[in-house]
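Below: the structure, in structure tokens.
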Amino acid sequence: MQPDPLIKPLHVLEMGTQFGMGGITRHILGLSDWLRDHGHKVTLAGTADVWAGPKNQTAFVDLPTRYVAGDGGNIANRLRYMMSSAWLLRRWLIRNPVDLIHCHESAPALVADIARIGRGIPLAVTYHGSEPERISAFGRIAAKCDLVITPSHRSAEDLVNIGGVPRNKLKVIGLGVSPPPDDTDEDIARLRTELLGDGERMIVTLARLLNQKGIDILIDCVARLKETHPGYRFVVAGDGPDEAMLLRLAQERNLGKHLNFIGRTNQPIRLLRAADLFLLTSRWEALPFTIAEAFQAGTPAVATACSGVVELIDETVGAVVPIGDVDAICAAVADVLSDETYRARLAANALERSREDRFNPDWVHRQFEKTYYELTGL
């Protein structure tokens, strides 16, 4: 796409904690690709991982931001990594002037705020959600930034009421979801047959295997539904630090063919299209990318009532249930899957909802571009 010759192109530094598999990375990469397609220069910065790094990005600043966050261990180590990251980034900024730094999560924001001292570079940070007890800490970091962005109105209220972020410093911008790839009916049917086995219904979860996503709660639900609905088959796609523990827990509960951990997938939409239902049992979220992807696949969703989840799901496309409530989760899953006419109606509504502007990447990314110009004053 040709850039608008009347608009000055920006050089934006998009910073993440770690560019591993997940919705945050998908958001950063989708936004960065759109900006480049519209004539802007984008450099990524953060800890390289499977989805982005020096090997597959022409403009990438590899920083140990991962260890500024929880992976750094004790506070002393994390402080050392923070200063090391800031020093490396500052040296890079001296040689490579940028118009704006946009950080995703708090660790990159801490690093960027130190690195930009005296350089007059505007700094924005996106809040992608956190456990409730960390919102106050995020608010203290956000106070050092020029703008705080979040994809969820509920999250924005949390940042005001718990994090102490001034309303005039907050902006809600959604997450653009790229158009789904074309899948043939044969491809979808083949995948469904492979994963469903001798089952009758397939429930899919796309999630990193870590405490936030509540996969242990899902395991409790599978154990319960295995007895009442033995034809249900649950598929979890994703990996993460809790993988070994969760596999062991599933084995201890004798879930066998009822729960299948398939690891990373590079075809999430195909997997969702093969499913009867999408299930998310998270303990906290902002605005889950995977729910929007389920809508694109025409798959109804059941999810726990984490912040922005309630802005996506209502009774016309699925169900929202209390966090950690195994009884309610099981009841909602069974309710959707017990009546195919009802499930099909939810599926059609989900597909229709996916066409709303708030999920359109071109519409959403234009909001980011406009915000960047407002911050830079260009």
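The values are calculated or read from the model by the stated rules, or taken from the named source; none is laboratory data. In this text the structure is predicted, and so the values were computed from the model without any measurement. Ideal geometry is used to build each Cβ from the backbone, glycine not excepted, and the neighbour counts take in all protein chains shown.
Of the set (1) among the basic types (Lys, Arg); (2) at pLDDT 95 or above; (3) assigned to a loop (DSSP other than H, G, I, E, B), all apply to Arg224 but (3). Can you tell me which residue is nearest to Val50 (Cα to Cα) among those in segment 251-263 that are in contact with a strand residue (DSSP E or B) (Cβ under 7 Å, 6 or more places away or on another chain) and surrounded by 15 or more Cβ atoms within 10 Å (Cβ to Cβ)? My answer is Phe261.
Of the residues Arg366, Arg353, only one is among the basic types (Lys, Arg), under 22 Å from Ser155 (Cα atoms), touching a helix residue (DSSP H, G or I) at 6+ places or on another chain (Cβ under 9 Å) and modelled with pLDDT of 95 or more; which? Walk me through it before giving the result.
Numbers: Arg353 fails: modelled with pLDDT of 95 or more.
The match here is Arg366.
Residue count for segment 350-378 satisfying the condition of being free of Cβ contacts under 8 Å to residues at least 40 places away in the same chain and assigned to a helix (DSSP H, G or I): 5.
Is it the case that Asp49 is out of contact with any Asp or Glu (no Cβ under 7 Å at 6 or more places or on another chain), at negative phi and in contact (Cβ under 8 Å) with a residue 12 or more places away in the chain?
Working: out of contact with any Asp or Glu (no Cβ under 7 Å at 6 or more places or on another chain): yes; at negative phi: yes; in contact (Cβ under 8 Å) with a residue 12 or more places away in the chain: yes.
Yes, satisfied.
Condition test on Leu196, is it in the same structural domain as Gly318 (by TED's automatic domain parsing), at pLDDT 95 or above, more than 19 Å from Phe289 (Cα to Cα) and of a type in the set (A, V, I, L, M, F, W, C)? In short, yes. Of the numbered criteria (1) over 22 Å from Asp325 (Cα atoms); (2) within 16 Å of the chain's Cα centre (by Cα); (3) among the polar types (S, T, N, Q), the one Gln212 fails is (1).
Okay, residues lined up against (1) of a type outside the set (Lys, Arg); (2) closer than 28 Å to Asp183 by Cα; (3) in contact with a helix residue (DSSP H, G or I) (Cβ under 8 Å, 6 or more places away or on another chain):
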site: Leu287; (1), (2), (3): yes, yes, yes
site: Ala303; (1), (2), (3): yes, yes, yes
site: Gly308; (1), (2), (3): yes, no, yes
site: Asp314; (1), (2), (3): yes, yes, no
site: Gly324; (1), (2), (3): yes, no, yes
site: Ile329; (1), (2), (3): yes, no, yes
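Does Leu63 satisfy the criteria of being more than 18 Å from the chain's Cα centre (by Cα), modelled with pLDDT under 95 and over 22 Å from Ala207 (Cα atoms)? Answer is no for this residue. Applying the set (1) within 18 Å of the chain's Cα centre (by Cα); (2) under 21 Å from Met21 (Cα atoms) to Ile262 leaves exactly one unmet item: (1). Residue pairs whose Cβ atoms lie under 8 Å apart, sitting 6 or more positions apart in sequence or on different chains, and linking a residue in segment 309-330 that is in the same structural domain as Phe289 (by TED's automatic domain parsing) to a partner that is among the basic types (Lys, Arg) and not in a helix (DSSP H, G or I), are Ile323/Arg283; Gly324/Arg283.
The rows are residues; the columns are (1) loosely packed, with under 14 Cβ neighbours inside 10 Å; (2) β-branched (Val, Ile, Thr).
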residue: Arg167; (1), (2): yes, no
residue: Ile188; (1), (2): no, yes
residue: Leu210; (1), (2): no, no
residue: Ala223; (1), (2): no, no
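Suppose we keep only residues that are at pLDDT 90 or above and among the basic types (Lys, Arg) within segment 1-39. Which one would you say is farthest from the chain's Cα centre (by Cα)? Among those that are at pLDDT 90 or above and among the basic types (Lys, Arg), it is Lys8. Per the conditions (1) of a type outside the set (S, T, N, Q); (2) exposed (fewer than 14 other Cβ atoms within 10 Å of the Cβ); (3) over 17 Å from the mean Cα position of the chain (by Cα), the sole criterion not satisfied by Val50 is (3).
Apart from one condition, Arg208 fits all of (1) touching a Leu at 6+ places or on another chain (Cβ under 7 Å); (2) outside any strand (DSSP E or B); the exception is (1).
With respect to Ile117, is the statement that it is hydrophobic (A, V, I, L, M, F, W, C) and part of a loop (DSSP other than H, G, I, E, B) true? Criteria met by Ile117. Against the condition part of a helix (DSSP H, G or I), surrounded by 16 or more Cβ atoms within 10 Å (Cβ to Cβ) and among the basic types (Lys, Arg), how does Arg91 come out, does it pass? So Arg91 does not fit the description; no. The selection criterion, being under 18 Å from Ala207 (Cβ atoms), over 12 Å from the mean Cα position of the chain (by Cα) and not assigned by TED's automatic domain parsing to the domain that holds Gly238, does not hold for Val42.
Sort out which residues of segment 230-245 are over 18 Å from the mean Cα position of the chain (by Cα), surrounded by fewer than 19 Cβ atoms within 10 Å (Cβ to Cβ) and in contact (Cβ under 8 Å) with a residue 12 or more places away in the chain, and write them in order of number. First the steps, then the outcome.
Start the filter on segment 230-245 by keeping residues that are over 18 Å from the mean Cα position of the chain (by Cα), which leaves 230-235, 243-245.
Subsequent filtering for residues that are surrounded by fewer than 19 Cβ atoms within 10 Å (Cβ to Cβ) retains 230-231, 243-245.
Passing the criteria: Pro230, Gly231, Glu243.
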